[in-house]
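Trainee: To start, I am sharing the structure in question, which I have written as structure tokens.
Values in this text are rule-based calculations from the coordinates and carry no lab data. Keep in mind that what you see is a predicted model, and the values were worked out from it rather than measured. Here the Cβ positions follow ideal geometry from the backbone for every residue, glycine too, while neighbour counts run over all protein chains shown.
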Amino acid sequence: MKVPKEMKRYCPSCKKHCLHKVKVEKNRGKNKTHPMTQFSSIRLKLRGLWMGVGTGNSGARSRGALNSWKRYNKKTTKKPDFRYTCTECNKASTNAGGSKRAKKVEMI
Ligand SMILES: [Zn+2]
């Protein structure tokens, strides 16, 4: 996917179209951004339900093969997390409708 470094789009705080700088944010993983969601490792540890390290044979044999319990290498693409910073009010906004999947993002 080729994305321009600067593009003109609607700014919700200026309430008009302005020039925006485009930046791709790094994916920090679900446990970092939402630590208390259902079935997150941090929440399961607090409730004493974590079946990771500590169960049976310290997770060496009792968990089975990695791709039997972990969603492992299922998807080959990622949804890039774009941040658009307004050059007039310097506020950042995201793509409300979400972004399309892409193997890699290239800035032009
Ligand atoms: Zn603005």
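Trainee: If I filter segment 59-108 down to residues being of a type in the set (Val, Ile, Thr), farther than 14 Å from residue 27 by Cα and in a loop (DSSP other than H, G, I, E, B), which single residue comes out as nearest to the chain's Cα centre (by Cα)?
Mentor: 76
Trainee: Looking only at segment 1-28, which residues are within 11 Å of the ligand (Cβ to nearest atom) and part of a strand (DSSP E or B)?
Mentor: Once the filter is applied, which keeps residues that are within 11 Å of the ligand (Cβ to nearest atom) and part of a strand (DSSP E or B), segment 1-28 yields 9, 10, 11, 16, 17, 18, 19, 20.
Trainee: Among the residues of segment 69-93, what is the count of those that are among the aromatic types (Phe, Trp, Tyr) and either within 10 Å of the ligand (Cβ to nearest atom) or surrounded by fewer than 11 Cβ atoms within 10 Å (Cβ to Cβ) (or both)?
Mentor: 2
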